1. Please work out which one of (1) open to solvent by 60 Å² or more (accessible area, probe 1.4 Å); (2) closer than 18 Å to His20 by Cβ is the condition Arg58 fails and give its number.
2. Name the residue that is nearest to the chain's Cα centre (by Cα), counting only residues in region 84-98 that are aliphatic (A, V, I, L, M) and surrounded by 15 or more Cβ atoms within 10 Å (Cβ to Cβ).
3. If you check Thr46 against the conditions, is it surrounded by fewer than 16 Cβ atoms within 10 Å (Cβ to Cβ) and more than 16 Å from Leu91 (Cα to Cα)?
4. Can Ala92 be described as over 23 Å from Asp7 (Cα atoms), modelled with pLDDT of 85 or more and out of contact with any Asp or Glu (no Cβ under 7 Å at 6 or more places or on another chain)?
5. Being over 10 Å from Cys87 (Cβ atoms) and in contact (Cβ under 8 Å) with a residue 60 or more places away in the chain is the filter; apply it to region 6-20 and report the residue that is surrounded by the most Cβ atoms within 10 Å (Cβ to Cβ).
6. Quick one: which strands (runs of 3 or more DSSP E) lie wholly within region 1-62 and hold at least 3 residues that are at pLDDT 85 or above and in contact with a Ser or Thr (Cβ under 9 Å, 6 or more places away or on another chain)?
7. When the residues of region 66-83 are filtered to those that are part of a strand (DSSP E or B) and in contact with a Ser or Thr (Cβ under 9 Å, 6 or more places away or on another chain), which remaining residue is surrounded by the fewest Cβ atoms within 10 Å (Cβ to Cβ)?
Amino acid sequence: MSVQLRDVAGELAGVLWREHTVYRERSGGVVIRGEHVRRWISLAPTGGRDEVLVRAGRILDGGTTAPARSEAVVPLSAGTGVLAATCRRLLAEAAADVAPVAPGRTAPKRSKRSGKAARPKDRGKHTSFGSWVILACVAGVIALYVYSTARHG
C-alpha cells in the first residue's frame, strides 16, 4: 500500500504544484509540501482497502506545519483527477480559514494566558489577604482545641 501511495502522491504532486516536495511519514503516509504556496497535503492509508485519508493544512513561518484544517476519505480507484479535485477543495478550505492581514499591519498577537487576568511578575514575598484569613482560621481552631482540652482536662 505504501508503494502505491507514494506513486499516487508523486502524480498528484505534479498535478497540484510545479514546485513540491514528497516524503514518507513514519506512520506510512505520504506528505506533499508546496513551500511556495505555504500548504501541505497528507495522504494516509485508512482501515479500508482502497481508501486514503487526505488532509490539508498550512505551512507556518519557519517551515513548521500547522495542524490539518480539513480532511476527507477518497477511494484510490477514483483516479488522480478526483483525488486532485478533493485536494484542491481541501486546500481552498485551509486557505479560507486564514484571515487576510492588511499590508503594513501585523496579525494580533495571542497571549499565552488567554482569558486570565495578567499578574505582575515581580510580586515579592508578600502574603495575600486570603492567606492571612486562612492562617487566622487555623490559629482559631487550634486555640479553641487547646482551650477546650485544658478546660475539660
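The values are calculated or read from the model by the stated rules, or taken from the named source; none is laboratory data. Please read all numbers here as calculations on a predicted model, not as lab measurements. Glycine gets a Cβ as well: all are built from the backbone with ideal geometry, and neighbour counts include every protein chain shown. Note: accessible area is taken over every heavy atom of the protein model, side chains too, but ligands, DNA and RNA are not part of it. Shrake-Rupley method; radii C 1.70, N 1.55, O 1.52, S 1.80 Å.
1. Looking at each condition in turn, Arg58 falls short on (1).
2. Residues of region 84-98 that are aliphatic (A, V, I, L, M), as a first pass: 84-85, 90-92, 94-96, 98.
Keeping just the survivors that are surrounded by 15 or more Cβ atoms within 10 Å (Cβ to Cβ) gives 84, 90-91, 94-95.
Numbers: Ala84: 25, Leu90: 17, Leu91: 17, Ala94: 13, Ala95: 16 Å.
Across region 84-98, the extreme among qualifying residues is Ala94.
3. On the way: surrounded by fewer than 16 Cβ atoms within 10 Å (Cβ to Cβ): yes; more than 16 Å from Leu91 (Cα to Cα): yes.
It is true that Thr46 is surrounded by fewer than 16 Cβ atoms within 10 Å (Cβ to Cβ) and more than 16 Å from Leu91 (Cα to Cα).
4. Details: over 23 Å from Asp7 (Cα atoms): yes; modelled with pLDDT of 85 or more: yes; out of contact with any Asp or Glu (no Cβ under 7 Å at 6 or more places or on another chain): yes.
Against the criterion (over 23 Å from Asp7 (Cα atoms), modelled with pLDDT of 85 or more and out of contact with any Asp or Glu (no Cβ under 7 Å at 6 or more places or on another chain)), Ala92 qualifies.
5. The selected residue is Val8.
6. Values: elements: 21-24, 30-34, 39-45, 51-58.
In region 1-62, the matching strands (runs of 3 or more DSSP E) lie at 30-34, 39-45, 51-58.
7. The first filter runs over region 66-83 and keeps only residues part of a strand (DSSP E or B), leaving 70-75.
If we keep only those that are in contact with a Ser or Thr (Cβ under 9 Å, 6 or more places away or on another chain) too, we end up with 71-74.
Numbers: Glu71: 15, Ala72: 15, Val73: 13, Val74: 20.
Step by step, filter region 66-83, then rank; the result is Val73.
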